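Please read the structure below before turning to the comments.
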Amino acid sequence: MTKISSVLIGFSIAFIFSCSNPNVKVSSQNEINPRVDSVLALMNLEEKIGQLNQYSLGSEFTGPGNKKGKDSIRYQQLISGQVGSVLNLLGAENTRKMQELVIEKTRLGIPLLFAYDVIHGYQTMFPVPLAESSSWNLELMQKTAKAAAAEAAASGLHWTFAPMIDVTVDARWGRVMEGAGEDPYLQAEIAKARINGFQGDDLSHNKTIAATAKHFAGYGYAESGKDYNSVNVNQYILHNHILPPFKAAAEANVASFMNAFNDINSIPATANQYLLQDILREKWNYGGVVVSDWNSIGEIVNHGVSSDLKDAAKKAILAGSEIDMEGTAYVQHLAQLVKEGEIEESVIDDAVRNVLKLKFDLGLFDDPYKYSDIQREKEIVGNLQHHELAEEIAKESIVLLKNENDLLPLKNIKNIAVIGPLAKDKDAPLGNWRAQAVANSAVSLYEGLEKTLAESTNLKYAEGVKLSIGPNNFFEELIINKEDRSGFEEAKQLASNSDLVIMALGEPAYMSGEGRSRADIGLPGLQKELLKEIHKINPNIVLVLMNGRPLELSWEDENIPAIVEAWHLGQRAGTAIAETLLGENNPSAKLTMSFPHHVGQLPIYYNHKVTGRPSTAPGQVFYTHHTDVDRSPLYPFGYGLSYSNFEYGEIELSQNSIAEDESITASIKIKNTSDIDGQEVVQLYIQDLVAEETPMIKSLKAFQKVNINAGESVEVEFIINKDLLSYYKSNGELSLEKGDFKVFIGEDSSVENHKEFKLR
Ligand code: NOJ
């Protein structure tokens, strides 16, 4: 059989079962499975294992005359069908060339999948996901994922390793920037929005890409917030906090799951039969593909549950990790394991089916080059509409943390000083995990202010202090300036001659993200010292924070009159912040992670257990608390101010008692008592007063983001039914228990306004 005829047979068999029009959606299981089996039937064992092997490859194999790449083992594997997917190869031209190589040189010509971490944009950078989540605007988050997918797809990519849907309760963990915070319900809603944005309703469309729910599971609970650390969580936390977003992702037909680096309750997630088989496959009936994390199969050896890579390969494939990302465990050992009878070939077949199915779903068997279109790449990547969308969501992601005496929005101020290392920084707002962002391409705060301020205002700048003095990139450890105060004097001078100081402080882009855990989550380096010095001279300060995680801000909250959490807001950060400071944008975002008073409070999250010693009476000793810090967070989950003032009325319940199949309508009136139109995120929490397993103090169960014009009122209604009242018991079963519940409706998770009702 010649190579080409094999390729043709492969394709013609595939075509027999499909409609030959490539524009027709090919995604139903029934339609595809025979096509998948038709290809599988042609494959030998090595080719099957190749589909489970994923490498990170650059353009060295496709660039002109690059001998190094072409002499490598990986090149040989690539052209002999032993690589099924490629990570980190980008661009319409590069992907086309590599696809051609594989289609032409391999025996069966099975197209490659091209994957990449498109986390908050491909080239156009949207706010980092934690920031975006603060918008609570699901529609907008779906749009940004859609735009990111369009850019990525136009650059030849098929698959993103996003969204990260790990619930995160510890701000020390650097990767909190990649997710949607501490609440499982909100995380699940955002997961669905992002997945729908990436995937659309037709994966084979050339503007959509496959999404990944990651990291399955528990990665966000790394002990002491140290990345890659062990995860020890009880079954209640697993089922009620960690798993719900993943279940929602499976139900939203996310194309893939990625497992996690961590061990969870002493079993590495990558070799975890309970998670991958019992829950994902059996309970949730998930039919997509499972990819390992980067060499996480190899790391099973480091975890100490396999003595060598071969055993790690066996444990991982039997658990259900289907694609080996950068680990070489499968390509080196699976064939031998099958020959020795250690694993059945059918295990490999099942995994390969899932990979092939994804390739069919993406339309790659109909046209392997459909995503690699140089013209489309030029038109779509970084286009103006995407930048405008970045601005729109940036404005909705800014959280106003403090606004004493309505200092903001700024009015009639003559001399403004902008001080701080992030004021003119065009890079930090792009954040970490920035895919193909153009370095230094964000609108800086200073630029935003220059554009937005009236000409009559004098705007002056001083850097004040350097933030980092070492490398600032993905791969190297950042070095923070801890000694050089040479800019202090100039900044102090400027502050003393100004009516108001805008301080732009925070974290550089690479201070959060993977491998960026911090033990001290205050303002890094000498920034706080500078802030204190300036404060002594001119306390009329607006503190603008740019960071990728909740920070410890106790001193700032006590002393600075206005604080704006502006995160790493992406491409148009400066415009969004400036318009917010000047009142052209009214802030409406709410925190999705609690900000602690002190790092010693971590992990801190609103939906904790009641405990046996919940009392808060002053002077008490023997109850759940720290003696030296308030029990509550500094800023709770759901918190965020607006320039409008909202007044909540009483909660009205349609009835006070319901049977299992009934529902209650809870309604509440909210009045905008200010003269500024605004938006409010109205949040509904439920507390189960008595349950068989110790309940949470309260849990978010619904929310609505509503516009309320100045002086007007709206009535917001929520339906409470059994879905909002059940919880997972430690055995993983959903439990609905009769008894009393409280429903709270208000502006953040500290809300006390509630009514009680009974489930009969
Ligand atoms: C490791 C990260 O944990 C994961 O989230 C990412 O997708 C892979 N590297 C690939 O870059």
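The values are calculated or read from the model by the stated rules, or taken from the named source; none is laboratory data. Note that the coordinates shown come from a computational prediction; the quantities given were computed from them, not determined experimentally. Virtual Cβ from ideal backbone geometry, glycine too; neighbours counted across all protein chains shown.
Restricting to the stretch 294-315, name every residue that is within 16 Å of the ligand (Cβ to nearest atom), surrounded by 17 or more Cβ atoms within 10 Å (Cβ to Cβ), part of a helix (DSSP H, G or I) and not acidic (D, E). Outline the logic, then answer.
In the first step, residues of the stretch 294-315 are kept if they are within 16 Å of the ligand (Cβ to nearest atom); the result is 294-300, 302-303.
Remaining after also requiring surrounded by 17 or more Cβ atoms within 10 Å (Cβ to Cβ): 294-300, 303.
With part of a helix (DSSP H, G or I) added as a condition, the list becomes 299-300, 303.
Within the stretch 294-315, I300, H303 qualify.
Scanning the stretch 53-89 for residues that are buried (at least 18 other Cβ atoms within 10 Å of the Cβ), modelled with pLDDT under 95 and within 16 Å of the ligand (Cβ to nearest atom) returns a single hit, L57.
Can you name every residue in the stretch 250-271 that is closer than 21 Å to Y236 by Cβ and within 16 Å of the ligand (Cβ to nearest atom)? Outline the logic, then answer.
Going residue by residue through the stretch 250-271, those that are closer than 21 Å to Y236 by Cβ are 250, 260, 262-267, 269.
The answer is A260, N262, D263, I264, A269.
Only a single criterion out of (1) of a type in the set (F, W, Y); (2) touching a residue at least 40 places away in the same chain (Cβ under 8 Å); (3) more than 28 Å from Y122 (Cβ to Cβ) is not satisfied by W567, namely (3).
Applying the condition of being part of a helix (DSSP H, G or I) and touching an Asp or Glu at 6+ places or on another chain (Cβ under 9 Å) to the stretch 224-238 and asking which residue is farthest from F261 (Cα to Cα) yields Y236. The sole residue among L581, L602, L591, L634 that is farther than 21 Å from G181 by Cβ and not assigned by TED's automatic domain parsing to the domain that holds Q235 is L581.
Selection of the stretch 370-410 for residues being within 30 Å of Q99 (Cα to Cα) and touching a Phe, Trp or Tyr at 6+ places or on another chain (Cβ under 8 Å) yields Y371, V381. Residues that are among the basic types (K, R) and crowded, with 16+ Cβ neighbours inside 10 Å occur at least once in the stretch 427-437. Taking the listed residues S486, S468, the one that is without any contact (Cβ under 8 Å) to a residue 12 or more places away in the chain and surrounded by fewer than 20 Cβ atoms within 10 Å (Cβ to Cβ) is S486, with no other qualifying.
Within the stretch 159-173, the set of residues being in contact with a helix residue (DSSP H, G or I) (Cβ under 8 Å, 6 or more places away or on another chain), of a type outside the set (S, T, Y) and either closer than 20 Å to G570 by Cα or assigned to a loop (DSSP other than H, G, I, E, B) (or both) comprises A162, P163, M164, I165, D166, V167, V169, D170, A171, R172, W173.
Tell me, please, whether a residue that is polar (S, T, N, Q) and within 16 Å of the ligand (Cβ to nearest atom) can be found in the stretch 283-292. Yes - at least one qualifying residue is present in the stretch 283-292. Would you point out the residue of the stretch 711-760, among those that are without any contact (Cβ under 8 Å) to a residue 24 or more places away in the chain and exposed (fewer than 14 other Cβ atoms within 10 Å of the Cβ), that is farthest from the chain's Cα centre (by Cα)? Across the stretch 711-760, the extreme among qualifying residues is K738.
Among the residues of the stretch 279-293, which ones are in contact (Cβ under 8 Å) with a residue 40 or more places away in the chain and part of a loop (DSSP other than H, G, I, E, B)?
From the stretch 279-293, those in contact (Cβ under 8 Å) with a residue 40 or more places away in the chain are 279-280, 283, 287-291, 293; that's our starting set.
Selection gives G287, G288, D293.
Only residues that are within 15 Å of D557 (Cβ to Cβ) and of a type outside the set (D, E, K, R) were counted across the stretch 514-538, and they come to 5.
Cβ-Cβ distances below 7 Å connect the following pairs, each with a first residue in the stretch 146-158 that is within 18 Å of E93 (Cβ to Cβ), a second residue that is assigned to a helix (DSSP H, G or I) and among the basic types (K, R), and a separation of six or more residues or different chains: A154/R376; G156/R96. Listed by first and then second residue, the pairs with beta-carbon distance under 7 Å, at least 6 apart or on different chains, first residue in the stretch 366-384 and exposed (fewer than 15 other Cβ atoms within 10 Å of the Cβ), second at pLDDT 95 or above and part of a helix (DSSP H, G or I), are I374/A92; I374/E93.
Any idea which of L389, L400 is assigned by TED's automatic domain parsing to the domain that holds K590, farther than 16 Å from G121 by Cα and either hydrophobic (A, V, I, L, M, F, W, C) or surrounded by 24 or more Cβ atoms within 10 Å (Cβ to Cβ) (or both)? Spell out the reasoning first.
On the way: L389 fails: farther than 16 Å from G121 by Cα.
Checking each option against the conditions leaves just L400.
Scanning the stretch 733-760 for residues that are within 17 Å of A702 (Cα to Cα) and among the hydroxyl-bearing types (S, T, Y) turns up S749, S750.
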